[in-house]
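Q: Got a structure for you, questions after.
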Amino acid sequence: MLTVILAIVIVILLTIGIVWVIDKFVPKNFKPILHILLWAIIAFLGYQTFMSVYGEIKFNQLKVKRYHLAIEKLKDIRDAELAYKQVNGKFTDNFDALVSFIDTAKFTITQRRDSTIIDEEMTKRFGGVTMTKDIVIIDTLGYVPVKDSLFGADTRYKTMMNVPVGKPGAKFELKAGLLDNIPVFEASVDKAILLDGEDKNLIAKEKQVVSVDGVNGPRLTVGSMDEVKTIGNWPKNYSTEQ
């Protein structure tokens, strides 16, 4: 966009120069018409310059708002996936299974306590001399519904697969699997979907962002299929938590 602005500024300066030349060398009876025409061109180019700058400012403001809404959904997906793994030992790539899990599953509440018991094998080995060993006993205290722990009375988890802004009807992409035998998952959406309806050149530029205070790459993502992590690829200025 900087190149476009510089080009427009140069054209404006050239037009002003032409106005000066006309004022010096063109016959008086032609000057009023040419002046009006050239100043109209200057006004138009000035407007185009302003709109180029203002348009990108408005785009960035809209981008932040849309990213924020999408990030809140991705955090819900992340929390649901972590709960699913805690109970099932793996992640899922199926939103229906994730919603059903939240509706029905329960966390087990346990308590760990230390205890000492007779070590029968060592006691026999030492000819009947009583030997003891320390153990950890895990007591089950009860169960808590996953839904209550994560969302309380809020039912927003039922629509967490839906992209909240941008292209109508779009859904987040959800993947799950193993990386070196470690469960991993990834939920993401293409930036072009979030920014649907906006200037295509600005969208293309946004998909190429590499910045410490921007969302790098072409997608907004939480988790990863290429490394073991459950954080998002957005910086702190887009969310109060990762």
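The values are calculated or read from the model by the stated rules, or taken from the named source; none is laboratory data. Small disclaimer: the values here were computed from a predicted structure and weren't measured. Neighbour counts are summed over all protein chains in view; Cβ atoms, including those assigned to glycine, are modelled from backbone coordinates with ideal geometry. What goes into the accessible areas is simple: the full protein's heavy atoms, side chains included, and nothing from ligands, DNA or RNA. Shrake-Rupley method; radii C 1.70, N 1.55, O 1.52, S 1.80 Å.
This table checks each residue for (1) at pLDDT below 95; (2) in contact with a strand residue (DSSP E or B) (Cβ under 8 Å, 6 or more places away or on another chain); (3) under 18 Å from A70 (Cβ atoms).
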| position | (1), (2), (3) |
| --- | --- |
| V146 | yes, yes, no |
| M160 | no, no, yes |
| V163 | no, yes, yes |
| A176 | no, yes, no |
| P183 | no, yes, no |
| E186 | no, yes, yes |
| K191 | no, yes, yes |
| L195 | no, no, yes |
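Q: All but one of (1) open to solvent by less than 60 Å² (accessible area, probe 1.4 Å); (2) in a loop (DSSP other than H, G, I, E, B); (3) touching a Gly at 6+ places or on another chain (Cβ under 8 Å) hold for V165; state the number of the condition that does not hold.
A: Condition not satisfied by V165: (3).
Q: Moving to a separate point now. Step by step: first the residues of the stretch 112-131, then only those that are part of a strand (DSSP E or B) and open to solvent by less than 90 Å² (accessible area, probe 1.4 Å), then the one that is modelled with the lowest pLDDT. Which residue is that?
A: S115
Q: Which ones in the stretch 204-224 are surrounded by 13 or more Cβ atoms within 10 Å (Cβ to Cβ) and either in contact with a His (Cβ under 7 Å, 6 or more places away or on another chain) or β-branched (V, I, T) (or both)?
A: V209, V215, T221, V222
Q: If you check A153 against the conditions, is it small (G, A, S) and either in contact with a Phe, Trp or Tyr (Cβ under 8 Å, 6 or more places away or on another chain) or open to solvent by 40 Å² or more (accessible area, probe 1.4 Å) (or both)?
A: In short, yes.
Q: Of the residues that make up the stretch 175-190, is at least one of a type in the set (S, T, N, Q), in a loop (DSSP other than H, G, I, E, B) and free of Cβ contacts under 8 Å to residues at least 24 places away in the same chain?
A: The answer is yes; a qualifying residue exists.
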